[in-house]
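A.B. asks: If you scroll down you'll find the structure; I have some questions about it.
The values are calculated or read from the model by the stated rules, or taken from the named source; none is laboratory data. In this text the structure is predicted, and so the values were computed from the model without any measurement. Because the Cβ atoms are built from the backbone with ideal geometry, glycine has one as well, and the counts that use them run over all protein chains shown.
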Amino acid sequence: MAQIGLRHFKYSPIENEAYTGAKKFAGAIESKASLNIAEAELYSDDELSEKAQEFTKGTLTLTVDEDSDTVFAPLLGHEKDEETGEVIKTTDDVAPFVGFGRVLVKLVNNIKRYKAEFFPKVQFKPFVTDGKTKGDGIEFQTPSVEGTIFSKAEVIDGKTKMIWERHKTFDTDEDAQAYLDDLMKAPTTQVNAQTQNLPEEEEN
């Protein structure tokens, strides 16, 4: 297996512990994840008898093609004036929790496969884009944003589990995207309407 591509950064704000629907993040250039794993070892009879490992948090670093204010202002908790387009950043801004997904393109036995990875709860932190003057040649400069990976309580097969990542590999890119969209879809509200049979008016 060899990874040969990265695409489809998607995210969804979390409101009242529920997702609100998948949105396009920005064009994917690079994605790196690092994990903090708590470890404990127990020795008995002069040898290692037990070892425990547990996820505590992680860091997700994304390089994208554009730091669009339409995406990043609400993603980082900043205010954008819809009339003037100005973004105002204050010390009181709080970035919301979001779900985040990406698709990795792999080559397995000379056949492309598409691995959709989903992080249920991420909080991105503010950043300022670097700048560099133009020289003799043209050089693309791309912004990066960093987020903290949390675990999130999810009900799986009737059991509540603390999940920090889930993924699935598909034969098509469309199915991989649909998997992410489904995980981040907004809950549907079902209204049970009761039909009341009113008596017909009697003719005089």
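A.B. asks: Restricting to region 129-183, what's the tally of residues that are within 17 Å of THR63 (Cβ to Cβ) and over 15 Å from the mean Cα position of the chain (by Cα)?
C.D. replies: Qualifying residue count, region 129-183: 10.
A.B. asks: Any idea which of GLU41, GLU82, GLU50, GLU54 is among the charged types (D, E, K, R), over 17 Å from GLY147 (Cβ atoms), out of contact with any Gly (no Cβ under 7 Å at 6 or more places or on another chain) and touching a residue at least 12 places away in the same chain (Cβ under 8 Å)?
C.D. replies: The conditions single out GLU54.
A.B. asks: Out of curiosity, is SER151 surrounded by 10 or more Cβ atoms within 10 Å (Cβ to Cβ), under 25 Å from LEU104 (Cα atoms), modelled with pLDDT under 95 and among the polar types (S, T, N, Q)?
C.D. replies: For SER151, the condition - surrounded by 10 or more Cβ atoms within 10 Å (Cβ to Cβ), under 25 Å from LEU104 (Cα atoms), modelled with pLDDT under 95 and among the polar types (S, T, N, Q) - is not met.
A.B. asks: Also, I was wondering about something else. When you scan region 1-33, how many residues do you find that are in a strand (DSSP E or B) and of a type in the set (Asp, Glu)?
C.D. replies: Qualifying residue count, region 1-33: 2.
Residue-by-condition table, conditions (1) more than 22 Å from ASP92 (Cβ to Cβ); (2) of a type in the set (D, E, K, R); (3) surrounded by 10 or more Cβ atoms within 10 Å (Cβ to Cβ); (4) without any contact (Cβ under 8 Å) to a residue 60 or more places away in the chain:
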residue: ALA116; (1), (2), (3), (4): yes, no, yes, no
residue: PRO126; (1), (2), (3), (4): no, no, yes, yes
residue: ASP130; (1), (2), (3), (4): yes, yes, no, yes
residue: GLY137; (1), (2), (3), (4): yes, no, no, yes
residue: PHE140; (1), (2), (3), (4): yes, no, no, yes
residue: SER144; (1), (2), (3), (4): yes, no, yes, no
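A.B. asks: If THR56 satisfies every condition in (1) polar (S, T, N, Q); (2) within 28 Å of ALA176 (Cβ to Cβ); (3) at pLDDT 95 or above but one, which is the exception?
C.D. replies: It fails just one condition, (2).
A.B. asks: Follow-up. With respect to VAL103, determine if the residue is modelled with pLDDT of 95 or more and touching a His at 6+ places or on another chain (Cβ under 6 Å).
C.D. replies: So VAL103 passes the test.
A.B. asks: Further, regarding this structure: Can you find, within region 79-95, the residue that is surrounded by the most Cβ atoms within 10 Å (Cβ to Cβ) among those that are closer than 12 Å to LYS125 by Cβ and of a type outside the set (D, E, K, R)?
C.D. replies: Ranking the candidates gives ALA95 first.
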